[in-house]
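Below is one structure, written out as structure tokens, with a few remarks after it.
The values are calculated or read from the model by the stated rules, or taken from the named source; none is laboratory data. This one's a predicted model, so the numbers in the text were calculated from it and none came from an experiment. Please note: Cβ atoms are built from the backbone with ideal geometry, for glycine as well, and neighbour counts cover all protein chains shown. Please note that ligands, DNA and RNA were not included when accessible areas were found on the heavy atoms of the full protein model with its side chains. Shrake-Rupley method; radii C 1.70, N 1.55, O 1.52, S 1.80 Å.
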Amino acid sequence: MTENDEFAEALRTGPFCRALSMAAQARGLSLRQLNYRLRARDASVSAMTLSHWQSGRSVPEREESLRAVEILEEVLALPTGSLRRLVGSRRPRGRGVRSAVPLHRRHRAWGHPAFLPPLLEEFRDSLMKPVRKIELHETFHVRPDRCTGRLVVRELVEARQDRTRTMIFAARSMPGVAPPLVVEGSGCRPGTVLTLDEEGFSLTELVLDRTLRRGERLAIGFVQEYPQPIVAENHHRRIAESVGHYHGEVVFAPGAEPVSCRTWRARTPENRTTGWTTVRPDARRTVHVSRRNAAPGIHGLHWTWE
């Protein structure tokens, strides 16, 4: 994946901090220079605030900050709305607000997209009883035409609270393309599904076969398919909370084997991708990425045919 590819991906899927940082770097503008250009247009945002936006320590929320984001799009020669759409909605504050840590973790895992909080609120009850993932194994299939095939997931989960019966699975394709959907399950079944086709995003409530007590474990599995297959150039897993053992593999159909393939990771969505390691398909045309105690962030595989 080239720097241009990473930049385009950041503008398309976020997070806001990464897109802003890469845009400023592409234009060769420092924090001081960005601050000067904002002040010249009567936008009062300090260099420290800009630094926090780029590092992911905070996101624009106030009206004047959102106006500054729109000005930044002009200064950085970006399409109108490209940064603004990556900014999450204002977070609730105050003593009367229910704990929303699980929701914020999931929001952060996807890079704070603005469209996600309302969807997460629809599943608040399920998200407030998150399961712990002991093991996560997934197999992504690439079809002969190099397009997205099915994703087969197996998990060993552990309840953190009594009376746990559901969990949430998020998936994304590309903006404007119908998102992938869970079509079958073992140990669970798909329940309520919310989709946002303009963002290519879906949230699926997985209903467990039985209600779990705190500390009880259950092995589940499910299959996800793409209603509108797209060319598959990478596969990655966004992890909101540490997973005991993560193993991902990509199986290429005969004739669709890549010329090169590399694994990568980002410790948090705010970080740039690191840890690029070249891997080769085995005799089954399969490449693997395996991590013990996989930290929150993004773990993935990227390949090319050229």
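Here is a check on your reading of the model: is TRP303 more than 22 Å from GLN54 (Cβ to Cβ), in a strand (DSSP E or B) and among the aromatic types (Phe, Trp, Tyr)? Against the criterion (more than 22 Å from GLN54 (Cβ to Cβ), in a strand (DSSP E or B) and among the aromatic types (Phe, Trp, Tyr)), TRP303 qualifies.
When segment 272-300 is examined, which residues are found to be open to solvent by less than 40 Å² (accessible area, probe 1.4 Å), outside any strand (DSSP E or B) and modelled with pLDDT of 85 or more?
To start, the set of residues in segment 272-300 that are open to solvent by less than 40 Å² (accessible area, probe 1.4 Å) comprises 273, 279, 286-287, 289, 291, 294-295, 297-300.
After this cut, where a residue has to be outside any strand (DSSP E or B) as well, the list is 273, 279, 295.
If the condition is that a residue be open to solvent by less than 40 Å² (accessible area, probe 1.4 Å), outside any strand (DSSP E or B) and modelled with pLDDT of 85 or more, then VAL279, ALA295 are the ones that fit.
The number of residues in segment 139-148 that are buried (at least 18 other Cβ atoms within 10 Å of the Cβ) and charged (D, E, K, R) comes to 1. Could you please find all residues in segment 241-266 being among the aliphatic types (A, V, I, L, M) and open to solvent by 30 Å² or more (accessible area, probe 1.4 Å)? Scanning segment 241-266 gives a single hit, VAL259. Kindly evaluate PRO227 against the criterion of being more than 26 Å from ARG108 (Cα to Cα), open to solvent by 30 Å² or more (accessible area, probe 1.4 Å) and not β-branched (Val, Ile, Thr). Yes.
Residue pairs whose Cβ atoms lie under 9 Å apart, sitting 6 or more positions apart in sequence or on different chains, and linking a residue in segment 258-271 that is at pLDDT below 85 and assigned to a strand (DSSP E or B) to a partner that is open to solvent by less than 20 Å² (accessible area, probe 1.4 Å) and of a type outside the set (Asp, Glu), are ALA266/GLY297; ALA266/ILE298; ALA266/HIS299; ALA266/GLY300.
Residues in segment 113-134 that are within 23 Å of THR211 (Cβ to Cβ), aliphatic (A, V, I, L, M) and either in contact with a Ser or Thr (Cβ under 9 Å, 6 or more places away or on another chain) or buried (at least 20 other Cβ atoms within 10 Å of the Cβ) (or both): LEU120, LEU127, MET128, VAL131. Give segment 212-234 a look and list any residue that's in contact with a strand residue (DSSP E or B) (Cβ under 6 Å, 6 or more places away or on another chain) and either in a loop (DSSP other than H, G, I, E, B) or under 20 Å from VAL193 (Cα atoms) (or both), or say none. Hits for segment 212-234 are ARG214, GLU216, ILE220, GLY221, PHE222, VAL223, GLN224, GLU225, TYR226, PRO229, ILE230, ALA232.
Residue check: HIS104 meets all listed conditions (1) at pLDDT 85 or above; (2) open to solvent by less than 80 Å² (accessible area, probe 1.4 Å) but one, namely (1). Among the residues of segment 175-215, the ones that are free of Cβ contacts under 8 Å to residues at least 60 places away in the same chain, closer than 15 Å to GLU122 by Cβ, buried (at least 22 other Cβ atoms within 10 Å of the Cβ) and not β-branched (Val, Ile, Thr) come to 2 in all. If you go through segment 41-73 and keep only what is buried (at least 20 other Cβ atoms within 10 Å of the Cβ) and either basic (Lys, Arg) or touching an Asp or Glu at 6+ places or on another chain (Cβ under 7 Å) (or both), you end up with just GLY56.
Screening segment 1-93 for helices (runs of 4 or more DSSP H) wholly inside it with 2 or more residues that are modelled with pLDDT of 85 or more returns the ranges 16-27, 31-40, 47-55, 63-75. The number of residues in segment 156-166 that are assigned to a strand (DSSP E or B) and open to solvent by 10 Å² or more (accessible area, probe 1.4 Å) comes to 4. In the condition set (1) under 21 Å from ARG18 (Cβ atoms); (2) not hydrophobic (A, V, I, L, M, F, W, C); (3) not in a strand (DSSP E or B), ARG237 is compliant with all but (3). Sub-7 Å Cβ pairs linking a first residue in segment 282-306 that is within 22 Å of HIS104 (Cβ to Cβ) to a second residue that is in a strand (DSSP E or B) and hydroxyl-bearing (Ser, Thr, Tyr), at least 6 apart or interchain, are ALA294/TYR246; HIS299/TYR246, ordered by first then second residue. Selection of segment 4-39 for residues being under 16 Å from ALA77 (Cβ atoms), over 19 Å from the mean Cα position of the chain (by Cα) and open to solvent by 10 Å² or more (accessible area, probe 1.4 Å) yields ASN4, GLN25, ALA26, ARG27, GLY28, LEU29, GLN33, ARG37.
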